[in-house]
Every structure is written in structure tokens, then in C-alpha cells.
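Below is one structure, written out as C-alpha cells; the observations come after it.
Just so it is clear, none of the values below were taken in a lab; they were calculated from the coordinates. Remember, predicted model here, so these are calculated numbers, not experimental data. Cβ placement follows ideal geometry from the backbone for every residue including glycine, while neighbour counts extend to all protein chains displayed.
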Amino acid sequence: MRRPAFALVVSLAAVAAVIAGWILFFAKPETARYHATQKVANSSSDLHVGMTVRYASGPITSEEYRMADRNGSSTASYRIVGTNGKVYTITTPPIESYTVPFFFERVVADGIWKVVNRPPRGDRSIAYALHVDQTVQGERGSRTVTFTDPKYWATTAGRQYEIHLDRNKPTPSLLQLSGSAIADKRYQAIVNDFRNFGTPGFRAKVAEVQAAVRAGK
């Protein structure tokens with residue numbers, strides 16, 4: 001084989017390898033995710049997720065994130081209330097978009113259906129409430145979960161011990177107790193999901209009104 005022809009074959013093989021790698025490692029996973037989300041969005045579905053944050057002190061009274069998708073038509077909103085009474089609301093109009101279904105997929109993967117209510121711990125001046133409501137082909141599920149300080153629950157919640165009393169051993173050995181870790185990273189992950197939601201433009205507007213409320217405007 002002459003050198004020019006050999007070089008052409010090598011070049012074509014390299015291009016084919018790059019294309020195959022792109023399909024294997026990027027195109028196929030993204031295509032599968034797209035079709036899975038499209039199936040949810042277009043299967044007579046009604047999705048609602050939200051997070052409310054309430055502050056006991058400081059310039060902010062509360063924040064609310066709300067996202068909804070009805071049969072592929074999505075809306076999202078952010079609302080912040082200052083202690084001075086000022087209220088700012090950012091709302092997106094109904095649009096055909098996969099932003100909310102993708103977000104719903106993310107918070108479900110991060111455990112919004114699995115986290116449970118937690119008693120006030122850590123920084124108790126900020127309280128969180130997560131809400132999720134889903135109806136797909138007539139089947140509905142809904143729940144609200146409350147907790148404080150997601151960082152505490154994610155990193156320093158410690159361990160939980162159970163003491164079983166035995167009438168034959170009235171004094172249990174505290175040195176032999178078995179416990180289970182109750183720290184759960186899902187709380188912080190879901191809060192981060194809401195904080196990072198939206199397009200760069202949406203997040204920029206959220207940051208703008210947050211700064212205005214903190215400045216007392």
C-alpha cells in the first residue's frame with residue numbers, strides 16, 4: 001500500500017474511533033436520559049416540587065422555590081420575602097422544556113422520596129421544608145419533609161443506638177451496644193439541587209433579588 005493511501009486509512013480509522021468513543025461514552029447515555037425524561041414528561045404527568053426556607057433572624061424571612069411540569073409544559077418560580085416587608089418573585093412562563101423534568105429526575109435520584117422528617121438540630125435558625133407531588137397516569141404520590149441544618153445532617157449527625165432490655169439481664173452492657181450512623185448526605189444534596197436550579201439567567205435574577213433583600217432594598 002502506498003504511503004498516502006496508508007495515511008488516509010489511518011486517518012479514517014482514527015476518526016471512526018473518535019466517533020465510536022463519543023457514541024459509547026456520551027451520545028448513548030445522554031440519548032437514553034433524554035428519552036427517559038421525555039417519556040415521563042409526555043405520559044399524562046403532573047409534577048410539582050418545591051423547597052421553602054424560613055429564617056428566624058436576619059434580613060430574609062423566607063425563600064420559596066417552586067417547579068412544575070404538566071404534560072411537558074414547565075414553569076418555575078422563586079420568591080423571597082424580606083423582614084422589611086419587601087417581596088420579590090421571579091416566574092418563568094409556561095414553556096415546552098425539559099428543565100423541570102430533568103430537575104425532578106435529579107432530586108428523585110438524590111432521595112427526595114426517601115428522606116424523612118428530622119428534629120431541630122445544628123443551626124436551628126433556618127428551617128427547611130421539601131415538597132414533592134407527582135401524578136402519572138392517574139397514580140399519585142405526595143409528601144412534605146421538614147428539617148434544619150442540612151450540613152449537620154449530612155456530616156455531623158452522629159450515630160443512633162438502640163437499647164434492648166432483657167428481664168434476665170436488667171442492666172445492659174453499654175460497652176457492647178451496636179449503633180447505626182444517621183448522617184445522611186441526601187439532605188444537603190437536595191438543598192443544593194434547588195439552589196443550583198435553572199438557567200444561568202434564572203440564577204442571576206435569583207442572586208440579584210437575594211442581594212437586594214440582604215441590602216434592605
- Query: Got a sec? How would GLU139, GLU63, GLU208, GLU105 order by Cβ neighbour count within 10 Å, fewest to most?
  - Reply: GLU139, GLU208, GLU105, GLU63
- Task: Pairs to check: LYS151/LYS217; LYS86/LYS217; LYS86/LYS205. Give those whose C-alpha atoms are more than 19 Å from each other in this structure.
- Result: LYS151/LYS217
- How far apart, in nm, are two points set 7 Å out from the Cα along the Cα-to-Cβ line at ARG70 and at ARG124? 4.1 nm
- Net length gained if the chain between SER77 and THR155 were fully extended (0.36 nm per residue, minus Cα distance): 25.1 nm
- Message: What are the ³J(HN,Hα) couplings of segment 84-92, residue after residue, when phi is run through the Karplus curve with 6.51, -1.76, 1.60 and θ = phi - 60°? Round to Hz, x for glycine and proline.
- Response: 7, x, 6, 10, 10, 10, 10, 10, 8
- Item | Approximate spin-label separation ALA211-VAL136, in nm, with each point projected 7 Å along Cα-to-Cβ | 4.0 nm
